[in-house]
1. Given the options R73, R28, R60, R45, name the one that is open to solvent by 40 Å² or more (accessible area, probe 1.4 Å), in contact (Cβ under 8 Å) with a residue 60 or more places away in the chain and over 16 Å from L139 (Cα atoms).
2. Against the definition (modelled with pLDDT under 90, over 22 Å from R35 (Cα atoms) and out of contact with any Gly (no Cβ under 9 Å at 6 or more places or on another chain)), how does P62 come out, yes or no?
3. Mind checking which residues of segment 99-114 are open to solvent by 50 Å² or more (accessible area, probe 1.4 Å) and assigned to a helix (DSSP H, G or I)?
4. If A117 meets every condition in (1) closer than 14 Å to R53 by Cα; (2) open to solvent by 70 Å² or more (accessible area, probe 1.4 Å); (3) of a type in the set (A, V, I, L, M) apart from one, which number is that one?
5. Out of curiosity, is R35 open to solvent by 80 Å² or more (accessible area, probe 1.4 Å), assigned to a helix (DSSP H, G or I) and either under 18 Å from L122 (Cα atoms) or among the charged types (D, E, K, R) (or both)?
6. Looking at G90, G86, which one is open to solvent by 30 Å² or more (accessible area, probe 1.4 Å) and within 23 Å of G31 (Cβ to Cβ)?
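The values are calculated or read from the model by the stated rules, or taken from the named source; none is laboratory data. Please read all numbers here as calculations on a predicted model, not as lab measurements. Using ideal geometry, Cβ is built from the backbone for each residue, glycine included, and neighbour counts are taken over all protein chains shown. For accessibility, only protein heavy atoms count, side chains too; no ligands or nucleic acids. Shrake-Rupley method; radii C 1.70, N 1.55, O 1.52, S 1.80 Å.
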Amino acid sequence: CAGAPRAASEGEATADRRGAHVEAELARSTGAEARIRTYLEAVGRQLEPASARFMEDIARTPVAREVYERNTRMAADRVRTLISEGVDAGDLRDVHAAFVADVVASVMVRIQQRQVAEATGLADAQAYRELAALLTHGLTT
């Protein structure tokens, strides 16, 4: 498709801008639990303007899906880093950060593929807030 490379470039530029917003919110947060919650909730806020139809189109379009999946992998890696930092600082329970990040990535992919919305009725942004609550509670109790 002649428009696919341009669409990917535009999607990547948008993702970069959204990632910068997420990182800016994260920079204002302190403490491991707050940083993880802030990060995931900020990711969710970046999805709030996206309609269900838009997310369904991403899930069905290979180029757009690949951009989203790459960003999801990067986000999961960021969560792994935040968890590791929190464990190292003694702020979080000693957990296997890579495993927890893998679980988070699985949920993020399910959100992107509309599976969470179908199973729970949650909008994507709300699903990220629920994921943040579940994760931070599990890491601190």
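1. Of R73, R28, R60, R45, the one residue that is open to solvent by 40 Å² or more (accessible area, probe 1.4 Å), in contact (Cβ under 8 Å) with a residue 60 or more places away in the chain and over 16 Å from L139 (Cα atoms) is R45.
2. Considered against the rule, which asks whether it is modelled with pLDDT under 90, over 22 Å from R35 (Cα atoms) and out of contact with any Gly (no Cβ under 9 Å at 6 or more places or on another chain), P62 comes out as no.
3. Result: F99, D102, V103, S106, R110.
4. Condition (2) is where A117 drops out.
5. no
6. G90
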